[in-house]
Amino acid sequence: MSLDILGLMKKEQDSNVTEFVLLGLSSSWELQLFLFLLLLFFYVAIVLGNLLIVVTVQVHAHLLQSPMYYFLGHLSFIDLCLSCVTVPKMLGDFLQQSKSISFSGCLTQIYFLHFLGASEMFLLTVMAYDRYVAISNPLRYLTVMNPQLCLWLVLACWCGGFIHSIMQIILVIQLPFCGPNELDNFYCDVPQVIKLACMDTYVVEVLMIANSGLLSLVCFLVLLFSYAIILITLRTHFRQGQNKVLSTCASHLTVVSLIFMPCVFIYLRPFCSFSVDKIFSMFYTVITPMLNPLIYTLRNADMKTAMKKLRIKPCGIPLPC
């Protein structure tokens, strides 16, 4: 969706800045080359891993009809798209002396980053609720988590992400920029961009904290509460298979923490930023999209069995046995 359609293009008379310079992760050519090779490997792993999950869930009807795998397919699709927002641009910048992004390109990156990021936060919260229903009320699980409810929950996640990202764009689009134009990051994000505005941004930063910071914190607390109830339920009612479920919950919480804690650190901290912020940003833009396929599928027997059943025909279309 272009920013022209959204009507969010900046008026030229409001700003002298037409592009932003990205300082990136390092100024050392040797380190940049090493990071390029490392992140290229990560990016290939992200694309192949998440694409494999999406194809596996879509091809096998019994997985697509299961709420857990239905949500997992959407999570992998979001991770696949999220990695494409920042990583290709970052890889290209590693091989260039000048690292810059146009004003409209910066707005586009902010829009899709927050659209996909917020949608993933909402979806992870929904997945925690799904696991809570499955463990606390297994006999009515499929009745409660019926296909219609699953569809509405996913649509709600996407709509929530859309509303959140539009609010972020509105915060930035009205600001005047007259220089400097250097962003101490490898991509465009609201905290760094609003600090370059040539006006008092106190109110804008408060709105950013209320929008992004509290969203991350509330979703994180809801997730922790959900998993706490799951663990209490397991300890009280179930014994058999408890260790396996506990291990799975611990793995899920690890990935969730890698997403939410950096977001809380960056967006909930008032009126200050540090160079270390871009390192924390790597967790939810690169690390977690790569880890999600490992945590949510390779430890899952059903997914591993379904992946083994995939066959590649000469035409290149994967089909089940």
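Positive end of the charge dipole of the chain (Lys, Arg +1 and Asp, Glu -1 on Cβ, about the Cα centre): tell me which of Leu217, Val54, Ala118 has its Cα farthest that way.
Farthest towards the positive end: Val54.
Given Cα pairs under 8 Å that are at least 6 residues apart, what percent is the relative contact order of region 114-183? Mind showing how you got there, number by number?
Working: 34 pairs, mean separation 38.7, N = 70.
Relative contact order, region 114-183: 55 percent.
Listed highest first by mean packing, meaning other Cβ atoms within 10 Å per residue, what order do 125-131, 113-119, 160-166 come in? Can you show the working numbers first?
Working: 125-131: 21.0, 113-119: 24.3, 160-166: 17.7.
Packing proxy ranking, top to bottom: 113-119, 125-131, 160-166.
Determine the per residue accessible area of the chain with all protein chains present and a 1.4 angstrom probe, expressed in square angstrom. Numbers along the way, then the final one.
Details: 15680 Å² over 321 residues.
Result: 49 Å² per residue.
Over region 175-240, calculate the relative contact order: mean separation of alpha carbon pairs under 8 Å at least 6 apart, over the residue count, as a percent. List each step's numbers first, then the result.
Numbers: 28 pairs, mean separation 16.2, N = 66.
Worked out over region 175-240, it gives 25 percent.
Pairs of alpha-carbon atoms within less than 8 angstrom and 6+ residues apart define the contacts here; what relative contact order does the chain have, in percent?
25
Can you tell me the dipole magnitude for the chain around its Cα centre, using point charges on the Cβ only (Lys, Arg +1; Asp, Glu -1), in Debye to the nearest 20?
1540
Given the chain, what count of lysine pairs have C-alpha atoms under 20 Å apart, with each pair 8 or more places apart or on different chains?
Summing the qualifying lysine pairs gives 9.
On the Cα set of the chain, report Rg and Dmax in Å, please.
Just the Cα atoms of the chain yield Rg and Dmax of 21.1, 68 Å.
For region 119-166, what is the Kirkwood hydrodynamic radius in Å, using each pair of distinct C-alpha atoms?
Working: mean 1/r = 0.0887 Å⁻¹.
This gives a value of 11.3 Å.
Give a residue-ordered list of calculated ³J(HN,Hα) values for region 183-191 (Karplus: 6.51 cos²θ - 1.76 cosθ + 1.60, θ = phi - 60°; whole Hz; x for Gly, Pro).
Computed from phi, the couplings for region 183-191 are 9, 7, 6, 9, 7, 7, 8, 4, x Hz.
Which of the helices in the chain, when you take each full DSSP H run, stretch at least 30 Å along the axis at their Cα atoms and have an average Kyte-Doolittle score of 1.0 or higher? The partial results should precede the final answer.
Details: long enough: 29-59 (44 Å, 2.19); 67-94 (40 Å, 0.93); 103-136 (49 Å, 0.96); 147-173 (39 Å, 1.80); 214-237 (34 Å, 2.09); 242-267 (36 Å, 1.18).
Span-like helices here: 29-59, 147-173, 214-237, 242-267.
Taking amide H atoms as placed 1.01 Å from N in the peptide plane, list the residues 5 or more away in sequence, or in a different chain, whose amide H sits under 5 Å from that of Ser100.
Amide H neighbours of Ser100: Leu22.
Taking H placed 1.01 Å from N in the peptide plane, check which residues at least 5 places from Glu19 or on another chain put their amide H under 5 Å from its amide H.
Phe103
The values are calculated or read from the model by the stated rules, or taken from the named source; none is laboratory data. Remember, predicted model here, so these are calculated numbers, not experimental data. Heads up, the Cβs are rebuilt from the backbone with ideal geometry, glycines too, and the neighbour counts pull from every protein chain shown. These accessible areas exclude ligands, DNA and RNA; they are computed on the full protein's heavy atoms, side chains included. Shrake-Rupley method; radii C 1.70, N 1.55, O 1.52, S 1.80 Å.
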